[in-house]
Amino acid sequence: MSPYDPSAFPPFAVTVDLVVLTVRRHALCALVVRRGEAPFQGRWALPGGFVRADEDLAAAAARELVEETGLCVHDPGSPEPDNGAHLEQLATYGDPKRDPRMRVVSVAHLALAPDLPAPKAGGDANSARWAPVETLMSQEGSGREDEPPAPLAFDHAQILADGVERARSKIEYSSLATAFCPPEFTVGELRRVYEAVWGVALDPRNFHRKVTGTPGFLVPAGGTTTRQGGRPAQLFRAGGATLLNPPMLRPEV
């Protein structure tokens, strides 16, 4: 057997791209950045960057998340609730022509977090914003009202669509919807998360019965709040269950 020769194989780069989702003003929104450099200079794109030689994929995704949002990854082993983001690997994208610079394989990650403040651009981005996914995923693309419509750079429209569908499907059978909520939240606030992610209106009474009757989904936090207006509402925290039985089935639309 002949010795392994690295020069016999064409070089390629690995990047991580982030689908960062949050709920703002009752709408599911994604973080996009305007590219400050070629290729696709001036176009909106998902945040991300190249994987460094000394880091693994999870570390690269966590680093990019901190740089773009200031958020650390949620530590499931922590005994105290935190406001960290849920981060998971989404999919790998390797079309040879997806990046005009060179062969670049992207390992996309999905990040979910509670209502986040206005983002700050970093790296090669010169501006950043939250945009409703409904707008980003439409044929008009990511353009603002004061600029011509344009699709997201690279293959980021497909990556975003895959990330949104992952979030929509996972909140059916897992407790992932609580990642959009603060450490303590009301059933009404959780319902609005489901409505924003699924894009449907849910019956408040049926929803309350389902989530409070699902073992391990929610646990009382021992307090109430009037931050949503009206009568005091009971506060809950995420329970220990990771899988919901029975699941929260998405309504057909």
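The values are calculated or read from the model by the stated rules, or taken from the named source; none is laboratory data. Bear in mind that the values here come from a model prediction, so they are computed numbers and not experimental data. Here the Cβ is made from the backbone with ideal geometry for all residues, glycine too, and neighbour counts use every protein chain on show. To get the accessible areas, we keep the full protein, side chains included, count just its heavy atoms, and leave off ligands, DNA and RNA. Shrake-Rupley method; radii C 1.70, N 1.55, O 1.52, S 1.80 Å.
One line per residue, one yes/no per condition, for (1) in contact with a helix residue (DSSP H, G or I) (Cβ under 8 Å, 6 or more places away or on another chain); (2) surrounded by 13 or more Cβ atoms within 10 Å (Cβ to Cβ); (3) free of Cβ contacts under 8 Å to residues at least 12 places away in the same chain:
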residue: GLY213; (1), (2), (3): no, no, yes
residue: LEU218; (1), (2), (3): yes, yes, no
residue: GLY223; (1), (2), (3): no, no, no
residue: GLN234; (1), (2), (3): yes, yes, no
residue: ALA238; (1), (2), (3): yes, yes, no
residue: ASN245; (1), (2), (3): no, no, no
Looking at the stretch 180-200 only, could you name the residues that are assigned to a loop (DSSP other than H, G, I, E, B) and either over 21 Å from the mean Cα position of the chain (by Cα) or closer than 15 Å to PRO114 by Cβ (or both)? CYS181, PRO182, PRO183, GLU184, THR186
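Residue-by-condition table, conditions (1) at pLDDT 95 or above; (2) of a type in the set (A, V, I, L, M):
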{"position": "MET1", "(1), (2)": "no, yes"}
{"position": "SER7", "(1), (2)": "no, no"}
{"position": "ASP17", "(1), (2)": "yes, no"}
{"position": "ARG34", "(1), (2)": "no, no"}
{"position": "GLN41", "(1), (2)": "no, no"}
{"position": "ALA62", "(1), (2)": "no, yes"}
{"position": "GLU68", "(1), (2)": "no, no"}
{"position": "PRO76", "(1), (2)": "no, no"}
Can you tell me which of PRO151, PRO183 is open to solvent by 30 Å² or more (accessible area, probe 1.4 Å), of a type outside the set (Gly, Ala, Ser) and in the same structural domain as GLN89 (by TED's automatic domain parsing)? PRO151
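Here is a yes/no grid of residues against (1) open to solvent by 30 Å² or more (accessible area, probe 1.4 Å); (2) in contact with a helix residue (DSSP H, G or I) (Cβ under 6 Å, 6 or more places away or on another chain); (3) in a strand (DSSP E or B):
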position: VAL14; (1), (2), (3): yes, no, yes
position: GLN41; (1), (2), (3): yes, no, no
position: ALA61; (1), (2), (3): no, no, no
position: LEU71; (1), (2), (3): no, yes, no
position: ARG101; (1), (2), (3): yes, no, no
position: HIS109; (1), (2), (3): no, yes, yes
Residue hits (the stretch 103-124; modelled with pLDDT of 80 or more, touching a strand residue (DSSP E or B) at 6+ places or on another chain (Cβ under 6 Å) and under 19 Å from ALA45 (Cβ atoms)) are VAL104, VAL105, SER106, VAL107, ALA108, HIS109, LEU110, ALA111
Among VAL66, VAL33, which is assigned to a strand (DSSP E or B) and either in contact with a Leu (Cβ under 8 Å, 6 or more places away or on another chain) or outside the structural domain of PRO182 (by TED's automatic domain parsing) (or both)? VAL33
Restricting the stretch 16-27 to residues that are part of a strand (DSSP E or B) and either out of contact with any strand residue (DSSP E or B) (no Cβ under 6 Å at 6 or more places or on another chain) or β-branched (Val, Ile, Thr) (or both), the one most open to solvent (accessible area, probe 1.4 Å) turns out to be VAL23
Give me a count of the residues in the stretch 134-156 that are modelled with pLDDT of 95 or more and assigned to a helix (DSSP H, G or I). 1
